[in-house]
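Taking it in order: structure first as structure tokens, then the write-up.
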Amino acid sequence: MKAAELFDLTGEVALVTGASSGLGWNFSRVLAAHGAKLVLAARRVDKLEALKTEIEADGGSAICVALDVADKTQIGPAFDAAEAEFGTVTILVNNAGIAEENWALTTPEDSWRRVMDVNLDGVWFTAQAAAQRMVAADKHGSIINIASVLGFRVAPTLSSYAVSKAAVVQMTQALSIELARNNIRVNAIAPGYVLTEINREFFESNADNEIIKTIAQRRVADPSELDGTLLLLASNKASSFMTGSTLLIDGGQTFGI
Ligand SMILES: NC(=O)c1ccc[n+]([C@@H]2O[C@H](COP(=O)([O-])OP(=O)(O)OC[C@H]3O[C@@H](n4cnc5c(N)ncnc54)[C@H](OP(=O)(O)O)[C@@H]3O)[C@@H](O)[C@H]2O)c1
């Protein structure tokens, strides 16, 4: 099969959480460019509208849905809106995530809760809703969870984030073995440092920082450097025998110095 056919997502409906910036924005553009209809989900709907305009200008189709993944009552209606416009969501990119820096000794309970509500509960309940609807419609599907290198290693002041991302790696495996019988594949991407809103200020004001020295390639990534991995996992033609995998895309950070 030629590459264009292998990664053709025509007929697929993709819902991307946290589509309003950073990786989610880029993931949405890539999936739309390969033929998927896009359901753009986040809290900042004005940003989603700007993304929708870009996608449509390039000939794609998209709708915007307001979704705070930490609020379980909003998840069902987001999938209802997707189904009303495009039909069953067949690709879920579980991308919404936050980080809060605290030393473990003094992490406030509300900070811990916020990180878990989005990065753990939000990912779980969105995956569950997507899978329930795929099963009800008897559709194959691909769920792609966005983990992190900090699902495999740790860093000072980022305990809650690292714990939540390790849980996402384990969740990916746990879901994959149960959902295989329903033709739903569940995989994850564990990015290293990618320049986005979450970290731009830090990297732009500290070009020669200690983190860069821990990355074998001695640089952070551009969001576009995840495009190939995302398409691989999204396309049932390209990765039909892959499920339960977490792909580290980190410039050689995890196993480096
Ligand atoms: N950038 C990196 O270096 C890096 C590395 C490893 C992993 N990651 C992971 O990649 C994912 C995307 O991060 P990013 O770098 O693109 O960060 P970002 O630019 O800050 O984007 C985060 C996105 O998540 C959304 N979000 C936050 N809380 C939400 C909630 N409660 N409900 C719905 N959406 C919510 C935000 O949208 P709204 O504010 O509009 O809701 C935003 O679109 C995260 O899971 C992050 O942990 C990033």
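The values are calculated or read from the model by the stated rules, or taken from the named source; none is laboratory data. Fair warning: this is a prediction, and the values are worked out from it, not measured in the lab. Positions of Cβ are backbone-derived with ideal geometry, glycine not excepted, and every protein chain shown enters the neighbour counts. All accessible areas refer to the heavy atoms of the entire protein, side chains included, with ligands and DNA or RNA removed. Shrake-Rupley method; radii C 1.70, N 1.55, O 1.52, S 1.80 Å.
Tabulated results
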| quantity | calculated |
| --- | --- |
| Those residues of the stretch 221-231 which are under 16 Å from residue 92 (Cα atoms) and open to solvent by 50 Å² or more (accessible area, probe 1.4 Å), in sequence order | none |
| Residues of the stretch 91-149 that turn out to be closer than 13 Å to residue 175 by Cα and either open to solvent by 50 Å² or more (accessible area, probe 1.4 Å) or among the charged types (D, E, K, R) (or both), as a count | 4 |
| Single unsatisfied condition, residue 248 versus (1) touching a strand residue (DSSP E or B) at 6+ places or on another chain (Cβ under 7 Å); (2) open to solvent by less than 40 Å² (accessible area, probe 1.4 Å); (3) outside any loop (DSSP other than H, G, I, E, B) | (2) |
| Selection count, the stretch 175-208, where residues are open to solvent by less than 50 Å² (accessible area, probe 1.4 Å) and out of contact with any Asp or Glu (no Cβ under 8 Å at 6 or more places or on another chain) | 12 |
| Selected residue (criterion: farthest from the ligand (Cβ to nearest atom)) from residues of the stretch 89-117 that are among the β-branched types (Val, Ile, Thr) and within 16 Å of residue 144 (Cα to Cα) | 90 |
| Given (1) touching a Phe, Trp or Tyr at 6+ places or on another chain (Cβ under 8 Å); (2) free of Cβ contacts under 8 Å to residues at least 24 places away in the same chain, index of the condition residue 237 fails | (2) |
